[in-house]
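Chemist: The structure's right below; bear with me while I get my questions together.
The values are calculated or read from the model by the stated rules, or taken from the named source; none is laboratory data. As the structure is a prediction and not an experimental result, all values here were calculated from the model. We place every Cβ from the backbone using ideal geometry, glycine too, and count neighbours over all the protein chains shown.
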Amino acid sequence: MTGPRLLPLGPDDPRQFGAYRIERRIASGGMGRIYLGRSGRPGEDGHLVAIKTPIAEGTVSPGDRRRFAREVELARRVDSVYTARVRDAGLADPRPWMAVDYIPAPPLSELVDTEGPLSAAAVRWVAAGTVRALIALHDEGVIHRDVKPQNVLLPAAGPRLIDFGISHAHDLTRTSLTLGTLAFSSPEQARGQESTAASDVYSLGATLFYLAVGRPPYRDTEHVLQLRALVDNNDLALKGLPRELSPLIRPCLAAEPAERPRLRDLLAELDRTATPGSGERWLPPHWMALIDAYEAEGRRLRHTAPSSETPTQRLLTQVLPAIPT
């Protein structure tokens with residue numbers, strides 16, 4: 001079993017954000033880069049964080065800076081054990097950044113892709129934790145808008161919902177852009193309409209279907225426009241869905257938002273069928289092996305200081321601010 005795929009830093013990667021020394025690159029995508037950082041603050045004992053910063057060629061544009069500031073504000077609203085806690089942010093820095101607790105756990109997407117789908121009982125256990133995370137967001141007026149397997153990490157203690165990059169709050173300006181990952185988006189998102197709490201419920205249903213079956217709830221296609229039409233028309237392909245999970249998942253995938261269940265009703269039903277507890281009770285051994293590998297690497301990282309940089313490089317990272325690219 002492998003653990004997290006941490007990449008070495010490149011010549012264009014910063015070495016420091018605020019009090020955090022950058023050690024590795026975790027991921028890079030269209031919305032930003034994520035780094036592994038270590039706190040240099042006294043008393044924090046080298047606490048590990050995931051640092052997100054927008055990708056920009058040269059100076060970060062005012063629009064990108066505003067969007068990133070909105071993301072930070074929303075993430076700070078939600079202080080829950082089911083999400084990654086915001087530790088610090090540097091919104092006025094040449095390259096703005098946000099530091100959240102580093103969670104050494106695989107995403108659901110990796111677990112399904114490498115280890116296969118879950119049993120009905122295990123799906124219910126994951127569903128209960130994910131529903132609790134969404135309730136924490138919605139109670140703060142935040143709609144996630146990008147619930148998908150890649151954005152749900154799974155440590156042994158239970159699911160953690162991450163990446164508020166395209167979240168929005170009810171009291172912020174709406175956007176008509178379809179920003180969610182299409183295969184897990186609601187029909188109204190595919191049409192560019194307003195997203196609501198019910199949109200997250202739909203994406204939850206699509207994610208749970210993926211956990212149970214190993215694919216999104218639509219016919220396979222490599223064409224974005226065809227997939228968008230399938231989502232827009234709620235043209236579902238639910239073959240393979242276990243009968244015992246149909247009462248949980250099918251209502252979440254209702255075409256009309258008003259027909260989807262409320263999260264608290266879902267949680268009440270899940271609490272009757274999925275007793276809380278560690279993943280070791282519910283997850284198959286091959287899933288737990290990958291989760292354990294991530295957690296073991298997290299422990300190693302917490303207790304191992306990097307030694308790949310020269311003394312001169314270490315001195316520079318101590319005295320220079322973040323380096324914009």
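Chemist: Can you pull out the helices (runs of 4 or more DSSP H) entirely within segment 209-325 that have at least 1 residues that are at pLDDT 95 or above?
Modeler: The qualifying helices (runs of 4 or more DSSP H) are 246-249, 263-273, 285-303.
Chemist: Separate question: Going by the conditions given, is residue 130 at negative phi, modelled with pLDDT of 95 or more and of a type in the set (Ser, Thr, Tyr)?
Modeler: When the stated conditions are applied, residue 130 passes them.
Chemist: Is it the case that residue 163 is part of a loop (DSSP other than H, G, I, E, B), within 28 Å of residue 97 (Cβ to Cβ) and modelled with pLDDT of 80 or more?
Modeler: yes
Chemist: Taking residue 240 and the conditions (1) over 21 Å from the mean Cα position of the chain (by Cα); (2) on the phi < 0 side of the Ramachandran plot, which numbered condition does it fall short on, given that it satisfies the others?
Modeler: Only one criterion in (1) over 21 Å from the mean Cα position of the chain (by Cα); (2) on the phi < 0 side of the Ramachandran plot is unmet by residue 240, namely (2).
Chemist: Checking the structure you have, find out if any residue of segment 117-138 is without any contact (Cβ under 8 Å) to a residue 40 or more places away in the chain and out of contact with any Cys (no Cβ under 6 Å at 6 or more places or on another chain).
Modeler: Taking every residue of segment 117-138 in turn, none turns out to be without any contact (Cβ under 8 Å) to a residue 40 or more places away in the chain and out of contact with any Cys (no Cβ under 6 Å at 6 or more places or on another chain).
Chemist: Out of (1) on the phi < 0 side of the Ramachandran plot; (2) modelled with pLDDT under 85, the odd one out for residue 58 is which?
Modeler: Evaluating residue 58 over (1) on the phi < 0 side of the Ramachandran plot; (2) modelled with pLDDT under 85 leaves (1) as the failure.
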